[in-house]
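Trainee: Okay, here's the structure, questions in a sec.
The values are calculated or read from the model by the stated rules, or taken from the named source; none is laboratory data. If you're wondering where the values come from, they're calculated on a predicted model, not measured in any experiment. Cβ sites come from the backbone with ideal geometry, for glycine too, and all protein chains shown count toward neighbours. For accessibility, only protein heavy atoms count, side chains too; no ligands or nucleic acids. Shrake-Rupley method; radii C 1.70, N 1.55, O 1.52, S 1.80 Å.
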Amino acid sequence: MQYSGAKAKLLSSFTNPPINTTGRAAEQTILSLLQSCKTLFNLTQIHSQILKFGLQNNPLVLTKFASTSSILNAIDYASSFIFSSNSTTHYDSFLFNTIIRAYAFTSHSKNNALHFYKHMVGINVMPNKFTYPFVLKACAGLGNLNLGKQVHGSVMKFGFDDDIHVNNTLVHMYCCCSGGIEFARIVFDGMCKSDCVSWSVMIGGYARLGMSSDAVELFRKMQIEGVRPDEVTLVSLLSACTDLGALELGKWVESFIEKEKVQKSVELRNALIDMFAKCGNVDRALSLFRSMSDRTIVTWTSVIVGLAMHGRGLEAVALFNEMTKSGVAPDDVAFIGLLTACSHSNLVDEGKTYFNLMKTEFAVVPKIEHYGCMVDLFGRAGLVKEAVQFVENMPIKPNSIIWRTLITACRAHDELHLGETITKKLISKEPMQESNYVILSNIYAKMSHWEKKTSIRDVMGKKGIMKIPGSTMIELDNNIYEFVAGDKTHDNYKEIYEMIDEMARKMRRAGYVPTTTEVLLDIDEEDKEDALNRHSEKLAIAFALLKTPPGTSIRIMKNLRICGDCHSATKFISKVYNREIIVRDRNRFHSFRDGVCSCKDFW
DNA sequence: TGTTAAGTAA
């Protein structure tokens, strides 16, 4: 490579170094080399120059060296000098901050950051207020709560707990450690000064942990206290809206952005797209997407996933092709979206093709999730043999999700004995997982093995298996209501149960037959029907029918997959009450209208 | 002789 001008001159002074230079001049030479050339020179050469000049313990040189480039080697060289040094050279906080910072920002070396922090304290170099944000960032990356608490102790000991930056990073650190969220809130509540970043960190912490109601609640408090949210706050808030299915709140965020002229970063627009897609308004997501000229892989993936969830697989595939043509390289998440789109829309050939292209053309190594998508693709399409073969030939050891996907396919396509065998194997490996027993119970129901089905309940009771309660959420008049099966905690519960009875009568007249085999309980048929009628989604629909004007759409969100009976019942409800009912379950959207579901019963 | 904090996709 040819260099000209100043660089060429420096390069020549480097290859023909002023050998006799000593002291201040040598220091200046090295510093200017490091200053001007950064990554131009081979670090090993600079290293040998430093040794030649005897500057290996010079704090200035080391600091410059460590901050010279983002190349980890530079930091490693600098840090090895410090550790190998047995001189009494005094290194100041800035040198350590530089090194800690470099390590804290490098994904694999966060331990080194802590290492240096401890070394620094050990040789009596005082940390300053700039030190802790770096150290705490490293702690956050490591997610080690005890380590974080230790550093928190030092922060207090050295009296930096009145610094807003330090406190903000403390809150963030606790948010990133498992089991740390309560500590985060304690620090947050105890801060003598707080700003938009403090609130954003805390709201973001709740949102990432799926504590979405807490995130929304804290945002409301932020509004009351008059702190202006910025685009980062709103990304976290939108993520909470997405999780809760809170479309109205999401729309409010969009109008807030316009009204308050919040900077519309790509991340913020991506979050809006994701929110609209997952709150049931995929067309709004699409139009936002079309209006963007600075799309990232996240933008594309968000709409592809959104379309997949709505069963619009062909459009998702078309968008994927448009994306690759426009020069955006697909990553592993994009492929998960694409393959999900194929499996939810019965596009077996397309799915197979893209799975192969993934490796050959796009150099994305398939992960267990991609294999899972393929098993699902075959399984849903009724190709159980292909699914089994695929699992047998997988280069990765199948996990329990793969097995459950396969079992679900067996159950749906009447490979009941195979399903039973695999489920029993799975239960022996994973005896505390409730869903394994639910699947087995459903298989026995389909086989009419009622005694076996009944005995499952005893087994579960003996093992003390925790049930994940099904719950359904609905957003009405700026409130989010949550229902669980058999819920009687709601203010209007009497009205709701009367409505349930009315719904049951009208549905029966329209030809609805309850699917009582879905009930796990050991009770008689009439009680089973009663239990089905109290499923959380039916309670939420009854509540919505009571509280919203006739003819308007009803949107509900379920935490698990919608059960077969509720799916069939909702079709009848949509017809009898002339309502569009949009259900978001764990996997996808179901849009019921006039007795038909948008998923065409393919789910 | 200087440096610091937060966010999105299955």
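Trainee: Given a cut-off of 30 Å, name the pairs among A:K446/A:K600; A:K488/A:K600; A:K352/A:K467; A:K221/A:K571 whose C-alpha atoms lie farther apart than that in the structure shown.
Mentor: A:K488/A:K600; A:K352/A:K467; A:K221/A:K571
Trainee: Just need the relative contact order of the stretch A:541-601 here, percent rounded to a whole number, with Cα pairs under 8 Å and 6+ apart.
Mentor: 31 percent.
Trainee: Label points 7 Å out from Cα along the Cβ direction at A:N128 and A:T489: separation in nm?
Mentor: 5.2
Trainee: So how strong a dipole does the stretch A:267-392 carry about its Cα centre when Lys and Arg Cβ are +1 and Asp and Glu Cβ are -1, to the nearest 20 debye? Kindly include the intermediate steps, with their values, before the conclusion.
Mentor: Details: 12 positive and 15 negative charges, 43 e Å.
Using only the charged Cβ atoms, the result is roughly 200 debye.
Trainee: A further question on this structure: Give the shape of the stretch A:342-450 as rounded, prolate or oblate, defined through the alpha-carbon gyration tensor: a ≥ b ≥ c are the square roots of its eigenvalues, a/c under 1.5 means rounded, and otherwise the shape is prolate if a/b is larger than b/c and oblate if not.
Mentor: Here the stretch A:342-450 falls in the prolate category.
Trainee: Right, something else. Quick one: if you stick a label point 7 Å off each Cα along the C-beta vector at A:R508 and A:E434, how many nm between them?
Mentor: 3.0
Trainee: With the full set of protein chains in place, find how many percent of the accessible area of chain A is carbon and sulfur; take the probe as 1.4 Å. Present the calculation step by step, with values, prior to reporting the outcome.
Mentor: Values: 15200 of 28920 Å².
Summing carbon and sulfur atoms, their accessible area is 53 percent of the total for chain A.
Trainee: Let me ask something additional. Classify the stretch A:142-201 from the C-alpha gyration tensor, please: rounded if a/c falls under 1.5, else prolate or oblate depending on whether a/b exceeds b/c.
Mentor: Oblate, because a/c is 1.5 or more while a/b does not exceed b/c.
Trainee: Counting DSSP beta bridges in chain A, what percent are antiparallel, to the nearest 5? Display every interim value, and only then the final one.
Mentor: Numbers: 15 of 19 bridges.
About 80 percent, rounded to the nearest 5.
Trainee: At a temperature of 25 °C and a viscosity of 0.890 mPa s, determine how fast the stretch A:402-512 diffuses translationally according to Stokes-Einstein, using the Kirkwood radius over alpha-carbon pairs as Rh; express D in µm²/s, rounded to the nearest whole number.
Mentor: 146
Trainee: Further question: I'd like to compare A:298-310, A:573-585: which one has the highest average count of other Cβ atoms within 10 Å, and what's the full order after that?
Mentor: Highest mean packing first, the order is A:298-310, A:573-585.
Trainee: I've got another one for you. How far, in degrees from 0 to 90, does helix A:59-68 lean away from the longest principal axis of the Cα atoms of chain A, to the nearest 10?
Mentor: Computed tilt is about 40 degrees.
Trainee: Mind checking which aspartates and glutamates have their Cα closer than 14 Å to the Cα of A:K463? Skip sequence neighbours fewer than 8 apart in that chain.
Mentor: A:E430, A:E434
Trainee: Also: With axes computed from alpha carbons, what is the tilt in degrees of helix A:450-463 against the longest principal axis of chain A, rounded to the nearest 10 within 0 to 90?
Mentor: Between the helix axis and the principal axis of chain A, the angle is about 40 degrees.
Trainee: Once a ≥ b ≥ c are taken as the square roots of the eigenvalues of the Cα gyration tensor of the stretch A:455-595, is the result rounded (a/c under 1.5), prolate (a/b larger than b/c) or oblate (a/b not larger than b/c)? Before the final figure, lay out each step's value.
Mentor: Details: a/c = 1.70, a/b = 1.41, b/c = 1.20.
Prolate.
Trainee: Just going by the charge dipole of chain A, with Lys and Arg at +1 and Asp and Glu at -1 on Cβ, which of A:T299, A:G245, A:H590 is farthest out on the positive end?
Mentor: Value: A:T299.
Trainee: Let me ask you something else. Can you tell me the FRET efficiency between A:L383 and A:K446 if r is taken as the Cβ-Cβ distance and R0 is 25 Å, rounded to the nearest 0.05?
Mentor: Using R0 = 25 Å, I get an efficiency of 0.80.
Trainee: Related question: Treating cross-link reach as a plain straight distance, find the aspartates and glutamates whose alpha-carbon is under 12 Å from the alpha-carbon of A:K452, omitting any fewer than eight places away in the same chain.
Mentor: A:E420, A:D522
Trainee: Then there is this: How large is the helix-only mean residue ellipticity at 222 nm for chain A, computed as the sum of -39500 (n - 2.57) over DSSP H runs with n ≥ 4, divided by its residue count, in deg cm²/dmol to the nearest 500?
Mentor: -20000 deg cm²/dmol
Trainee: Which aspartates and glutamates have a Cα lying under 19 Å from the Cα of A:K547, excluding residues fewer than 8 positions away in the same chain?
Mentor: Within the straight-line cut-off, A:K547 pairs with A:E248, A:E475, A:D477, A:E482, A:D487, A:D491, A:E495, A:E498, A:D501, A:E502, A:E537, A:E580.
Trainee: Moving on to the next point. Which whole-number value in Å² is the accessible area per residue of the stretch A:414-514, probe 1.4 Å?
Mentor: Here the residues of the stretch A:414-514 average 59 Å² of exposed surface.
Trainee: Could you tell me, in Å, what Rg and Dmax come out for the Cα atoms of chain A?
Mentor: Both quantities, over Cα of chain A: 30.1, 103 Å.
Trainee: How much net charge surrounds A:M173 when only the other residues with a Cβ under 10 Å from the Cβ of A:M173 are counted, with Lys and Arg +1 and Asp and Glu -1?
Mentor: Around A:M173, the surrounding residues sum to +2.
Trainee: May I ask you to derive the relative contact order of chain A, considering only C-alpha pairs under 8 Å and at least 6 residues apart, and to give it as an integer percent? Intermediate values should be presented prior to the final figure.
Mentor: Working: 839 pairs, mean separation 37.1, N = 603.
Averaging sequence separation for qualifying contacts and normalising by length gives 6 percent for chain A.
Trainee: Relative contact order, percent, of the stretch A:144-240 when contacts are C-alpha pairs under 8 Å separated by at least 6 residues?
Mentor: 24
Trainee: Could you order A:W199, A:W252, A:W403, A:W450 by accessible surface area, starting with the largest, using a probe radius of 1.4 Å?
Mentor: Output order, biggest surface exposure first: A:W450, A:W252, A:W403, A:W199.
Trainee: How big is the dipole moment of chain A about its Cα centre under a simple scheme where the beta carbon of each Lys and Arg is +1, that of each Asp and Glu is -1, and everything else is neutral? Debye, nearest 20, please.
Mentor: 1360
Trainee: Let me ask another. Given R₀ = 30 Å, FRET efficiency for A:K359-A:V596 by Cβ-Cβ distance, to 0.05? Each step should come with its number before you reach the end.
Mentor: Numbers: r = 39 Å, r/R0 = 1.30.
The calculated FRET efficiency here is 0.15.
Trainee: I've got another one for you. If you rank A:S109, A:S48 by how much accessible surface each has, with a 1.4 Å probe, what is the order from largest down?
Mentor: A:S48, A:S109
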